[in-house]
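**Q** Take this structure, written in structure tokens, and hold onto it; I'll ask about it next.
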Amino acid sequence: MFFWQSIKPNGGGVPTGKLLELIKRDFGSYDVFYNKFIEIASPVDAFGSGYVWLILNQEIKLEIIFTKNAENPVASELGCPLLVLDVWVTFLDYQVDRPSYVKAFLDHLVNFEKCLQRLERAPQIVF
């Protein structure tokens, strides 16, 4: 359910408001965030099931992490998840071209409004 709420028709693009401010604070720019998200979503040793997460970590900073199988940032006490990309879905349309899949997610599908809603609730949920 969390993944499906992280996407929407005609989503994607650059976030606005508080989320963009935090991305700039913690990554330097949206472009750095964008490229880092693609890089972390495409680890060499990750075949099959996996997820790339944008989380609010224990230091109250945005962080991008990769988990395998059913691991998640809440169970691992890494932070509060704000959005997730299921990388296994890559193989349905993109086969082994995971970077193109991640770009399509960020450019056309990601639901940054839902991510912002989660961000507004995050400190009360985890910390």
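**Q** In segment 1-86, which trypsin sites (Lys or Arg not before Pro) are in a loop and have at most 15 other Cβ atoms within 10 Å, using DSSP for the loop call?
**A** Filter output for segment 1-86: Lys61.
**Q** Got a sec? What order do Val87, Val74, Val96 fall in by accessible area at 1.4 Å, biggest, i.e. largest, first?
**A** Working: Val87 0, Val74 85, Val96 125 Å².
Heavy-atom accessible area, descending, gives Val96, Val74, Val87.
**Q** What is the ratio of the Cα radius of gyration of segment 1-51 to 2.2 N^0.38 Å, with N the residue count, to two decimals?
**A** Details: Rg = 13.1 Å, N = 51, 2.2 N^0.38 = 9.8 Å.
It is 1.34.
**Q** Could you give me the percent of Cα pairs per 5 Å distance bin for the chain, shortest bin first, beginning at zero and ending with the bin that holds the maximum distance?
**A** Cα pair-distance distribution for the chain, in percent: 2, 11, 22, 26, 22, 12, 4, 0.
The values are calculated or read from the model by the stated rules, or taken from the named source; none is laboratory data. Values in this document were obtained by computation on a predicted structure and should not be read as measured data. Backbone-built Cβ (ideal geometry, glycine too); neighbour counts: all protein chains shown. Surface accessibility is based on the protein's heavy atoms, side chains included, excluding ligands, DNA and RNA. Shrake-Rupley method; radii C 1.70, N 1.55, O 1.52, S 1.80 Å.
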